[in-house]
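Read through the structure below, which is laid out as structure tokens, and then see the notes.
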Amino acid sequence: LYGQRETTYADSSLAVLPPTVPHAGLPVPGGSPAAEQVGSLVYLLFIIGALGRVRGIDIGWGSRNTFGDLLYDLDPMSLLPHPPK
């Protein structure tokens with residue numbers, strides 16, 4: 001996510017990433033930095049919601065049916081590849 005003032009930097013940064021690395025740039029419209037910040041938050045919420053639907057999870061709600069369970073129950077090491085022994 002980037003605002004109008006960062007377009008040049010974002011485009012040049014995205015251009016050097018190889019095609020084998022998944023990446024995307026999403027310009028956030030807005031008439032001022034504050035509007036771009038609010039727009040970024042809205043875009044981020046939509047992106048997180050879409051990822052939750054794709055992965056079949058209800059973002060934020062977990063095993064105890066209280067908000068934040070997924071975060072508190074998460075084992076970060078399960079997301080990282082383990083080095084060979």
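Overview of values
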read-out	value
Checklist (1) touching a residue at least 40 places away in the same chain (Cβ under 8 Å); (2) over 13 Å from the mean Cα position of the chain (by Cα) applied to residue 44, failing item	(2)
Subset of the stretch 8-35 [within 22 Å of residue 46 (Cβ to Cβ) and aliphatic (A, V, I, L, M)]	10, 14, 24, 26, 28, 34, 35
Test: residue in the stretch 28-44 that is modelled with pLDDT of 75 or more and touching a Ser or Thr at 6+ places or on another chain (Cβ under 8 Å)	yes
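The values are calculated or read from the model by the stated rules, or taken from the named source; none is laboratory data. Keep in mind it's a predicted model, so treat the numbers as computed, not measured. Counting neighbours? That spans all protein chains shown, and the Cβs are built from the backbone with ideal geometry, glycine included.
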